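The values are calculated or read from the model by the stated rules, or taken from the named source; none is laboratory data. The model shown is predicted, which means the values in this text are computed figures rather than measured ones. All Cβ positions, glycine included, derive from the backbone under ideal geometry; neighbour counts span all protein chains shown.
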Amino acid sequence: MAHTKQDTSIIFCAHPDDEVLGVGGTIAKYAKEGKRTICVIFSKGEGSHPWMKEKHMHDIRMQESLVAGNLVGVSETIFLGLRDGKLMEDIKQTTVDSRIKAIIERYKPQKIFTHDQDDFIYKDHRAVHLAVMTAIDSLIKKGTFTGDVYTFNIWFMNLRKRNLPKLVVDISSTFKQKRKALKAFGSQRLALFQLIPFVYAKAFFDGIDSDVKYAETFYKIR
């Protein structure tokens with residue numbers, strides 16, 4: 001049964017924890033405003049600990065994502081279960097395109113957030129961007145998606161997109177929730193510990209433009 005078009009956002013991301021790193025404060029703010037957020041996570045995240053059994057690592061990261069999602073107010077999390085580090089290959093060989101389209105048509109989002117195409121650190125992030133945009137462009141032509149599409153970059157500022165329309169979300173009141181949700185990813189403790197100073201800095205500098213303490217900035221590409 002299709003959902004009615006209430007105020008809904010969908011976040012498409014590559015790995016468990018990308019949703020919080022990129023959009024965590026915004027998810028929490030939207031939840032407080034009574035809005036619905038759906039997170040779609042492409043990979044199992046097993047590549048972060050290659051010495052552990054894939055099934056075991058997948059279960060751990062999936063559970064961490066669910067706990068983190070609950071902390072920031074995610075309405076529903078959908079795991080596509082593709083291979084970490086192999087997303088480009090898996091996307092080409094599976095029915096991912098039809099699954100993305102089905103999710104968008106089911107939830108009828110007003111906003112979609114996904115990785116930026118210039119996120120060159122992780123090829124998985126670029127793979128998700130390309131897959132999502134291919135599906136969205138098809139749905140736009142079909143007339144079944146009329147919402148806005150925004151990108152986020154976890155690792156770098158979007159310097160090449162300064163001329164694009166942007167959405168700046170004041171997360172001053174929800175930044176603590178974002179931090180707490182990041183701590184839920186215990187298996188990623190070392191990597192996140194190294195990343196936390198950047199998370200603070202990015203939120204701080206994003207906030208300066210809008211004269212708020214902390215913010216998340218997204219660039220509109222559709």
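Identify the residue in the stretch 134-182 that is in a helix (DSSP H, G or I) and crowded, with 19+ Cβ neighbours inside 10 Å and, among all such residues, is modelled with the lowest pLDDT.
Here is the first cut: in the stretch 134-182, the residues in a helix (DSSP H, G or I) are 134-142, 159-161, 175-182.
From the residues that got through so far, the ones that are crowded, with 19+ Cβ neighbours inside 10 Å too are 135-136, 161, 175, 177-178, 181-182.
Working: ALA135: 97, ILE136: 98, LYS161: 60, PHE175: 97, GLN177: 97, LYS178: 96, ALA181: 95, LEU182: 92.
Only one residue fits best here, namely LYS161.
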**OP:** Can you tell me which residue within the stretch 118-145, out of those that are small (Gly, Ala, Ser) and over 19 Å from the mean Cα position of the chain (by Cα), is farthest from GLY85 (Cα to Cα)?
**Re:** GLY143
Original post:
Which residue pairs have Cβ atoms under 7 Å apart, sit 6 or more places apart or on different chains, and have a first residue in the stretch 101-121 that is more than 14 Å from ILE136 (Cα to Cα) and at pLDDT 95 or above and a second that is surrounded by fewer than 17 Cβ atoms within 10 Å (Cβ to Cβ) and small (Gly, Ala, Ser)?
Top reply: none
Original post:
Right, GLU46: buried (at least 20 other Cβ atoms within 10 Å of the Cβ), modelled with pLDDT under 85 and over 15 Å from the mean Cα position of the chain (by Cα) or not?
Top reply: yes
**OP:** Sort out which residues of the stretch 18-31 are surrounded by fewer than 24 Cβ atoms within 10 Å (Cβ to Cβ) and either in a strand (DSSP E or B) or touching a Gly at 6+ places or on another chain (Cβ under 7 Å) (or both), and write them in order of number.
**Re:** ALA31
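I need the full set of residues from the stretch 197-221 which are of a type in the set (Lys, Arg) and either surrounded by fewer than 20 Cβ atoms within 10 Å (Cβ to Cβ) or in contact (Cβ under 8 Å) with a residue 60 or more places away in the chain (or both), in order please.
The initial filter retains those residues of the stretch 197-221 that are of a type in the set (Lys, Arg), namely 202, 213, 220.
Matches in the stretch 197-221: LYS213, LYS220.
Results for (1) under 14 Å from the mean Cα position of the chain (by Cα); (2) of a type in the set (Asp, Glu); (3) surrounded by fewer than 16 Cβ atoms within 10 Å (Cβ to Cβ); (4) farther than 24 Å from VAL199 by Cβ, shown as yes or no for each residue.
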site: LEU82; (1), (2), (3), (4): no, no, no, yes
site: SER98; (1), (2), (3), (4): no, no, yes, yes
site: ILE104; (1), (2), (3), (4): no, no, no, yes
site: PHE113; (1), (2), (3), (4): yes, no, no, no
